[in-house]
Amino acid sequence: MSAKEWIFPERAADGAVVEEFCARFSIPAPVARVMINRGFDTVESAQRFLDKSLDCLHDPLTMADMERAANRLRLAVEKGEKITIYGDYDVDGITATALMVRYLRELGAEVDAYIPNRKSEGYGVNSSALQTIAASGAKVIVTVDTGITAVDETEYAAALGMDIIITDHHQCKDALPRAAAVVNPKRPDCPYPFKDLAGVGVAFKLVCALEGGCQGPLERFGDIVALGTVADVVSLTDENRAIVEYGINKLCSCPNLGLGALMDIVGKSAKWNGSSLVSYSVAPRLNAAGRMSSAMKGVKLLLTEDRDEAALMARELDEENSLRRQVESVIFDEAAKMAESQDSYNKKVLVLARRGWHHGIIGVVASRICDRFNKTCILISVEDGRCKSSGRSVDGLNLFEALSSCGDILEKFGGHAYAAGFSIKEENIPELDRRLNEYADRIFRREPAPRLYIDALIDICDLNMDTVRASQLLRPYGAGNKNPVFVLQEARIIALRTLSEGRHCRLLCEKDDRRVEVIAFGMGSLADEYGVGDIVDLAGEMNINSYNGNERVQLVLSDMRLSRGLPGDILPNRQDFVGIYRYIKSQPQPICADSVQLAARISRSIRRQIKREKLMGALAVFDDVGILRLGALGSMVRIELLPGEPGSKVNLDSSPEYIRLRRSLEEGFNC
C-alpha cells in the first residue's frame, strides 16, 4: 500500500478533445488533459475558465437584498448617521472590515470598526458588543463575514435603536435574522449565480453596488479583496479567479500602503505564485493579530495612510507572527508527545487536553497533528475550568456529525465535516474521548489513507518548459483549483540523497533515456525506503528550478510508490506471508516500530526483499483475518498477535483486504 491513496479521473480525456484544445488554446497535451479532467471539457467551458477578465464578474444587484443594503447605506451617508462595521477576527473578516471602512470614508460617511476579541468574546455578534456600539452613537451596523445566525442579536440591536445590514457567506440556518438587509449568496432564495464568494467578496459586491460598477473598486481595493479571498480558502473558480488574478497583480506591483509594508518584510520571491505568497507569508501575519492579541491591528494596518506608521505596524505584526510560531511549536511538540505516549495506535480519534494551551493556536496545531498521524484530532485548552477546543478530521469521518452525537455533554459546538470547535466541562473530556472513538469505530475499521488527487498522466518528454509555462494559464491556484498533480509511471531511480540534515530528499530518475530531477520536501525518509534501481511511479507538481542563472524543470514530489507495473514488488505471495508471520511471532509482543525500518529488519531476517508497501499490505491482511491486531500512528505501527495459532484453513487469498489490494493493482489507470 502507498502512504496515500491516489485518486485518478474516472475516465481518460478524449483524445480528439485534447487535440482540439491544443490547437485552439495553443497549449501542450498535459495541460489540455488537466482542464478536461477537471470538467472543462468543451471549448466554451474551457474558454470561460481561462477568461479572467472583469467581464466575468456578476451583477451585484442580482444578490438578494443587495439593493436594500445599498439604499440603507446611501441614506445613512446622506443623513450623517454613524456606521459601524462589525467583522470577524480572521483575515477574511479583517480585509472585509477594512474594505468597507475605506470605501464608506470615500463617500464621506462617519464610520468606525469593531471586531470582537477572540478570547473574551468569541465568534460572532454578541449583545455586549452591541451595547458598546450603541453607546458610541452608531445608527447602522454592517456585519462582514459574520452575522447570518445572529437572529436574537439583530432583534436586540433594533431595541437599541440600530439597523443591522448583514453581509456574510456562511451557511444559513432555517431562520434568517430580521435585519434591514441580509446579503448572502448562500441564502436559499438568492438567485446570485456564484455561491463561493468569501466574506470579503460579499462586502466587495456591496461596494460595487454602491459604486455602480466593479472596475473602480477592484482597481482601488483589489489587493485587499484578493488577500481575504485566498486566505479564507474559498473555491478559486468563476469570478473569484478574476478577483484574485487582478488583486494579486496589484499586491505585487502597487499594493495598499499597509500591505506594501508587509510585503517589504516578507519579500517577493519569483519561485512563488501570487496565491502562495498570500497563503504562506502575508495572511499568517495578519492572522497572528487575531490569534495573539487584537485583530484591529490588522484593520489599522490596512487603513493607515502614513508610511512610517505602516512600517511600524507591519513590524509589530511580524513579531506577533514570530511569537505565534513559537507558541504553536511548543503546543505541537506537547500534543505530539501526548499522542505518542498514549494508547493511540488503535484509536481513530485523538482527544488531547492540557492546561494553558493558547486557544487561538489550537486549531492550527490540531490540523498539523491530524496530518502527522492521519487521525482525527481534537485539541482542548483547559483554563480556569473552562475548556475550549478545536478539531480537524480525516477523510471519511464527518466531525460535525460526530460531535452532534455527543451534543448532550457539549456546552456549545459548531463547524463542518472537516473542522469544528466546541466548549465542554473538564470532567466530560474522558466521556467525549470514549464516545468519539466508538462513533469512529462504527464508521470504518481503520483510517482511510490520505487522498492524493491526480490530474493527468505524463510521459517524461512532457516535463519541459513549455508545459510548465502553459500550466500558468490555469492560475491562480488555490482551493477548487489546485496546482496540477501529474504522474510519471515506471521511472528508475538512478541517484538519491538527503538534504538539510535528512529533512528533504533529492532524486534523479530516468525513463526512455531521459532524466528528470525530483525534489521531495519533508520526505527525507524516502532514502530509507527506496534505493537506486527501484522502479517507481512519481506523483508531483512541475516547476522551474532557477539556480545561478540556469533554469531546469523539476518535479516537486507529492508522493512516490513502487511501480504498479511490477505487482510482485507490492502484492505479498505465500512465501512473503510465511516469512513475515514467523518474524513477528519471534519478537516480543507488541511490536512498535517505524514501518520502513521494520520492513528492512524483516528483509534481513528472512532474506527476502520486503518493501514497506508489501509489508503493510500483508499486515492489513493478517489483521483482516484475525491473526493480529494492527494499529498505526503516522509512520509508526503497533502489531500484536492475537491468542491462538492460525489454523490451516485460514485462506489469506480470500481476505477482503487482499482482494482489494489485488484489484487495485489489476485495474491500472489511464488519464
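Considering the Cα trace of region 367-447, what is its radius of gyration and what is Dmax, both in angstroms?
Reported Rg and Dmax, both Å: 11.9, 38.
How big is the antiparallel share of DSSP beta bridges in the chain, given as a percent to the nearest 5?
Numbers: 61 of 93 bridges.
Antiparallel bridges: around 65 percent, rounded to the nearest 5.
Does region 1-67 come out rounded, prolate or oblate, given a ≥ b ≥ c as the square roots of the eigenvalues of its C-alpha gyration tensor, rounded meaning a/c under 1.5 and, failing that, prolate meaning a/b above b/c?
Oblate shape, in that a/c is at least 1.5 and b/c is the bigger or equal ratio.
So how far apart, in nm, are the two label points at Leu107 and Thr237 if each is 7 Å from Cα heading toward Cβ?
That separation, rounded to one decimal, is 3.3 nm.
In region 42-149, what trypsin sites (Lys or Arg not before Pro) fall in a loop by DSSP, with at most 16 other Cβ atoms inside 10 Å? All intermediate terms of the calculation are to be shown ahead of the outcome.
Details: sites: Arg48, Lys52, Arg68, Arg72, Arg74, Lys79, Lys82, Arg102, Arg105, Arg118, Lys119, Lys139; in loops: Lys52, Arg118, Lys119.
Sparse-neighbourhood loop trypsin sites (Lys or Arg not before Pro): Lys119.
On a full-extension model of 0.36 nm per residue, what is the gain between Leu642 and Ile494, subtracting their alpha-carbon distance, rounded to one decimal in nm?
49.1 nm
With a 1.4 Å probe and every protein chain left in place, work out the accessible area per residue of the chain in Å², rounded to a whole number.
Computed with neighbouring chains in place, this is 44 Å² per residue.
Could you order Lys375, Lys337 by accessible surface area, starting with the largest, using a probe radius of 1.4 Å? Write down the numbers at each step before the final one.
Numbers: Lys375 0, Lys337 140 Å².
The ordering from most to least exposed comes out as Lys337, Lys375.
Which pairs, out of Lys195/Lys412; Lys52/Lys82; Lys348/Lys388; Lys52/Lys186; Lys4/Lys412; Lys337/Lys585, put more than 31 Å between their alpha-carbon atoms?
On the way: Lys195/Lys412 27 Å; Lys52/Lys82 37 Å; Lys348/Lys388 21 Å; Lys52/Lys186 23 Å; Lys4/Lys412 34 Å; Lys337/Lys585 29 Å.
Cα-Cα > 31 Å for Lys52/Lys82; Lys4/Lys412; rest within.
For region 173-255, just the Cα atoms, rotate onto the principal axes and tell me the three extents in Å, largest first.
Computed over the Cα atoms, the extents are 44, 26, 18 Å.
From the square roots a ≥ b ≥ c of the eigenvalues of the alpha-carbon gyration tensor of region 603-645, which class results: rounded (a/c under 1.5), prolate (a/b over b/c), or oblate? Let's see the in-between values first.
Numbers: a/c = 1.94, a/b = 1.31, b/c = 1.49.
It comes out oblate by the Cα gyration axes.
For a quick check: with amide H placed at 1.01 Å from N, whose amide H comes under 5 Å from Val351's, ignoring anything fewer than 5 positions away on the same chain?
It is Ile378, by chain and number.
Hey, could you grab the Kirkwood Rh for region 91-170? Inverse mean 1/r over distinct alpha carbon pairs, Å, one decimal.
Taking the inverse mean of 1/r over all distinct Cα pairs, region 91-170 comes out at 13.0 Å.
Are there GluC sites (Glu not before Pro) in region 8-58 that DSSP marks as loop and that have at most 14 other Cβ atoms within 10 Å, and which are they?
Glu10
Two-decimal Rg/Rh of region 499-578 from alpha-carbon positions, Kirkwood Rh? List each step's numbers first, then the result.
Details: Rg = 15.0 Å, Rh = 14.3 Å.
When Rh is taken as the Kirkwood radius, the ratio is 1.05.
Could you tally the net charge around Gln575, taking each other residue with its Cβ under 12 Å from the Cβ of Gln575, Lys/Arg +1 and Asp/Glu -1?
+4
Do any GluC sites (Glu not before Pro) in region 322-390 lie in a loop, going by DSSP, with at most 15 other beta-carbon atoms within 10 Å of their beta carbon, and if so which?
Listed in order of number, the matching sites amount to none.
Considering only the other residues whose Cβ falls under 13 Å of the Cβ of Glu490, what net charge follows from Lys and Arg at +1 and Asp and Glu at -1?
The answer is -1.
Please state, rounded to one decimal and in Å, the Kirkwood hydrodynamic radius that region 559-637 gives when every pair of distinct Cα atoms enters the mean of 1/r.
Evaluated over region 559-637, this radius sits at 12.9 Å.
Can you list the HN-Hα couplings for region 636-643, worked out from phi with the Karplus curve (6.51, -1.76, 1.60; θ = phi - 60°), rounded to whole Hz and with x for Gly and Pro?
Result, rounded to whole Hz: 8, 10, 10, 10, 9, 5, 8, x.
Along its three principal axes, how long is region 454-599 when you only count alpha carbons? Whole Å, largest extent first please.
That gives 56, 35, 33 Å along the principal axes, largest extent first.
May I ask what percent, to the nearest 5, of DSSP beta bridges between residues of region 434-547 are antiparallel? Please report the intermediate quantities before stating the final value.
Values: 20 of 22 bridges.
Looking only at bridges with both residues in region 434-547, the antiparallel portion is about 90 percent.
Only four residue types carry charge here, +1 at the Cβ of Lys and Arg and -1 at the Cβ of Asp and Glu. Report the dipole size of the chain about the Cα centre in Debye, rounded to the nearest 20.
1760 debye
If you roll a 1.4 Å probe over the chain with all protein chains in place, what percent of the accessible area is carbon or sulfur?
It is 46 percent, rounded to a whole number.
Grab every C-alpha pair in the chain, bin the distances at 10 angstrom width from 0 up to the longest one, and report whole percents.
3, 13, 21, 24, 20, 12, 5, 1, 0
Ser558's amide H: which non-local residues (gap 5+, or another chain) put their own amide H closer than 5 Å, with H modeled 1.01 Å from N in plane and none for Pro or chain starts?
Ala539, Gly540, Glu541
Percent relative contact order of the chain, based on C-alpha pairs within less than 8 angstrom and at least six residues apart?
12 percent
For the chain, return all DSSP H helices satisfying: extent of Cα atoms along own axis at least 24 Å; mean Kyte-Doolittle hydropathy at least -1.0.
Helices meeting the criterion: 307-341.
Net charge near Ile409: determine it from the other residues with C-beta under 14 Å of the C-beta of Ile409, scoring Lys and Arg +1 and Asp and Glu -1.
In short, -3.
The values are calculated or read from the model by the stated rules, or taken from the named source; none is laboratory data. Because the structure is predicted, anything quoted here is derived from the model rather than measured. In this analysis, Cβ positions are derived from the backbone assuming ideal geometry, glycine residues included, and neighbour counts consider all displayed protein chains. Ligands, DNA and RNA are stripped out before the accessible areas are found, and what is left, the full protein with its side chains, is counted by its heavy atoms. Shrake-Rupley method; radii C 1.70, N 1.55, O 1.52, S 1.80 Å.
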